[in-house]
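To start, the structure itself, in structure tokens.
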Amino acid sequence: MGRVLGIPVYANPSMALLAALVTYVYAGYAADELGLAAPLTYAVGLGFVVCLLGSVLLHELGHALTARRYGIGVRGITLELLGGWTEMDREAPNPRVDALVALAGPAVSLVLGALATGAAFALPDRTVAGQIAFQLAAGNVVVAVFNVLPGLPLDGGRALRAGLWALLKDRNRATEGAAWAGRGIALLTALTVITLHQLRVLTVFGVIFILLVTFTLWQGAGQSIRLARMTRRFPLVDLATLARPVVAVPSGTPLAEAQRRAEAAGRARGGLAVADAAGTIVALVDINAAAAVPAARRPWTAVDAVAKDLARTPVLPVELTGEQVVRAVQAHPGAQYAVVAGEDVVGVLHVADLAAVLEPRRARRHPPQDR
């Protein structure tokens with residue numbers, strides 16, 4: 001969408017659904033409370049959406065600018081169906097900074113709520129400006145209060161993580177504890193919503209919306225638990241061990257012959273590479289492209305046809321730490337990576353092998369199929 005203070009701002013397609021839904025609902029409210037007629041009611045509804053998204057953006061800017069204040073780079077802000085999120089290029093260096101970055105967003109929402117409350121009291125009642133101010137006041141206060149609940153992925157959960165981190169001296173254990181607290185909050189919220197609906201306090205629309213928020217909270221907490229468990233296993237990632245050995249064949253070699261040579265060398269699960277006349281590796285065979293070639297066609301298909309130039313293949317220096325490997329894979333997603341020592345290719349990392357180290361339970365449930 002553009003940049004704000006140098007920070008890229010993106011819009012998730014789900015935001016269009018939110019804009020349409022809120023515009024429609026608020027248009028009906030404007031018609032009942034203010035006596036306006038269509039299409040003016042929809043214009044008012046759209047104006048409220050713009051103000052609402054502006055509040056979300058300012059909330060996220062609170063996180064982003066605080067992070068930058070402490071030397072943490074910000075890759076961007078994304079606005080989506082149920083709010084927004086800020087992507088940073090690294091984690092907070094200590095619990096104090098983690099807590100300050102987490103609480104900056106709710107603090108901004110609370111300030112916006114206070115300003116909107118003042119405007120609502122100052123503006124005439126039953127006017128467009130007065131009603132929008134009132135709704136923004138209520139919305140920002142609710143966002144601030146809900147976000148400080150102590151459970152990930154909420155901002156209060158990040159503050160709880162910071163406290164547990166300071167206490168336990170282990171960020172991963174702190175993250176997992178705060179995420180389980182988030183799941184507990186999600187369950188309590190769902191039970192409360194269902195109870196309020198049975199008491200006829202909430203409408204069906206309100207129940208559906210809040211349950212959607214609750215489901216998002218549950219999913220976010222689950223992702224935090226998964227990430228904490230993966231991060232704990234970063235030290236187990238050793239490229240020298242994980243990289244599969246490479247079998248290099250001359251350019252023009254039939255794929256079937258290249259695979260036969262790999263099997264003869266006892267490296268059927270290794271990587272295939274294409275070498276030039278000097279024996280220098282210049283390309284890696286794409287495992288997915290090779291698997292897609294029918295067996296009957298492999299004697300007539302040169303390895304070059306299913307290979308990717310080394311210059312276009314993601315490269316991982318063998319000395320990278322586990323965390324550096326994961327960040328490199330996240331930055332350049334792919335099925336395989338060339339592992340190098342200096343200028344020499346010493347192996348191929350299959351992303352499935354990395355996943356098996358980071359998430360052994362999932363790997364056991366869904367073992368990769370070597371083709």
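Things to note:
- Residue list for the stretch 64-86, filter: of a type outside the set (Val, Ile, Thr), farther than 24 Å from Ala20 by Cα, without any contact (Cβ under 8 Å) to a residue 60 or more places away in the chain and surrounded by 15 or more Cβ atoms within 10 Å (Cβ to Cβ): Ala64, Ala67, Arg68
- Lone qualifier among Val213, Val315, Val237 - being farther than 30 Å from Ala179 by Cα and of a type in the set (A, V, I, L, M): Val315
- Meets criteria (under 26 Å from Arg90 (Cβ atoms) and either under 22 Å from the mean Cα position of the chain (by Cα) or not assigned by TED's automatic domain parsing to the domain that holds Thr280 (or both)) for Val325: yes
- Qualifying positions in the stretch 316-334 - hydrophobic (A, V, I, L, M, F, W, C) and surrounded by 14 or more Cβ atoms within 10 Å (Cβ to Cβ): Leu316, Val318, Leu320, Val325, Val326, Ala328, Val329
- Of the residues making up the stretch 298-327, not one is under 13 Å from Gln259 (Cα atoms) and free of Cβ contacts under 8 Å to residues at least 40 places away in the same chain.
- Taken residue by residue, the stretch 235-251 has at least one member that is in the same structural domain as Gly266 (by TED's automatic domain parsing), within 30 Å of Gly270 (Cβ to Cβ), basic (Lys, Arg) and touching a residue at least 40 places away in the same chain (Cβ under 8 Å).
- Among the residues of the stretch 218-236, some residue qualifies, meaning at least one is over 19 Å from Leu152 (Cβ atoms), surrounded by fewer than 15 Cβ atoms within 10 Å (Cβ to Cβ) and at pLDDT 90 or above.
- With respect to (1) of a type in the set (Gly, Ala, Ser); (2) in contact with a Leu (Cβ under 6 Å, 6 or more places away or on another chain); (3) in contact (Cβ under 8 Å) with a residue 60 or more places away in the chain, the lone exception for Gly139 is condition (2).
- Qualifying residues in the stretch 150-173 (those that are without any contact (Cβ under 8 Å) to a residue 24 or more places away in the chain and part of a helix (DSSP H, G or I)) - the one nearest to Ser109 (Cα to Cα): Leu160
- The set of residues in the stretch 329-344 being within 19 Å of Asp286 (Cβ to Cβ), at pLDDT below 90 and among the aliphatic types (A, V, I, L, M) consists of Ala335 alone.
The values are calculated or read from the model by the stated rules, or taken from the named source; none is laboratory data. In this text, all values refer to a predicted model and were calculated from it rather than measured experimentally. Reconstructed Cβ throughout: ideal geometry from the backbone, glycine too, with neighbour counts over all protein chains shown.
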